[in-house]
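The values are calculated or read from the model by the stated rules, or taken from the named source; none is laboratory data. None of the values given here were measured: they were computed from a predicted structure. Here Cβ is always computed from backbone atoms with ideal geometry, including for glycine, and neighbour counts include all displayed protein chains.
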């Protein structure tokens, strides 16, 4: 049975007593990041289907402040000046991926 988008959730669960955190996710990118980490560090990660158990000290949750339009434009101009878009396209072509817009 296929889950709806609203049912495809990600849950990060930890408490103050235990040293581990559980990451349950249907997000493919997050699953791939967790699987890659688990392959590199099998002694640190327990994989149970879509759930990954990791040491809590390795987990970081970041909430960023929204970027103003002025700052966004400054970053865009800096990227154009340093030719980041063309470099990203060249790297993507070399890897055989589609180029960023």
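Just give me the residues in the stretch 47-60 being part of a strand (DSSP E or B) and out of contact with any helix residue (DSSP H, G or I) (no Cβ under 7 Å at 6 or more places or on another chain), in sequence order.
Applying the first criterion (part of a strand (DSSP E or B)) to the stretch 47-60 yields 47-48, 51-55.
Once the filter is applied, which keeps residues that are part of a strand (DSSP E or B) and out of contact with any helix residue (DSSP H, G or I) (no Cβ under 7 Å at 6 or more places or on another chain), the stretch 47-60 yields 48, 51, 53, 54, 55.
Quick check on residue 65: is it at pLDDT below 95 and touching a helix residue (DSSP H, G or I) at 6+ places or on another chain (Cβ under 9 Å)? Lay out the reasoning, then the answer.
Working: at pLDDT below 95: yes; touching a helix residue (DSSP H, G or I) at 6+ places or on another chain (Cβ under 9 Å): no.
Considered against the rule, which asks whether it is at pLDDT below 95 and touching a helix residue (DSSP H, G or I) at 6+ places or on another chain (Cβ under 9 Å), residue 65 comes out as no.
Take the stretch 61-96 and flag every residue that is surrounded by 10 or more Cβ atoms within 10 Å (Cβ to Cβ) and in a loop (DSSP other than H, G, I, E, B).
In the first step, residues of the stretch 61-96 are kept if they are surrounded by 10 or more Cβ atoms within 10 Å (Cβ to Cβ); the result is 67, 71-80, 82-93.
Scanning the stretch 61-96 gives 67, 82, 83.
Take the residues of the stretch 1-46 that are loosely packed, with under 10 Cβ neighbours inside 10 Å and assigned to a helix (DSSP H, G or I): which is modelled with the highest pLDDT?
40
How do the pairs read when you match residues in the stretch 1-19 that are assigned by TED's automatic domain parsing to the domain that holds residue 33 and under 17 Å from residue 60 (Cβ atoms) with residues anywhere that are assigned to a loop (DSSP other than H, G, I, E, B) and modelled with pLDDT of 90 or more, using Cβ under 8 Å and keeping only pairs 6 or more apart or on different chains?
The qualifying pairs are 10/26; 10/27; 12/59; 12/61; 14/59.
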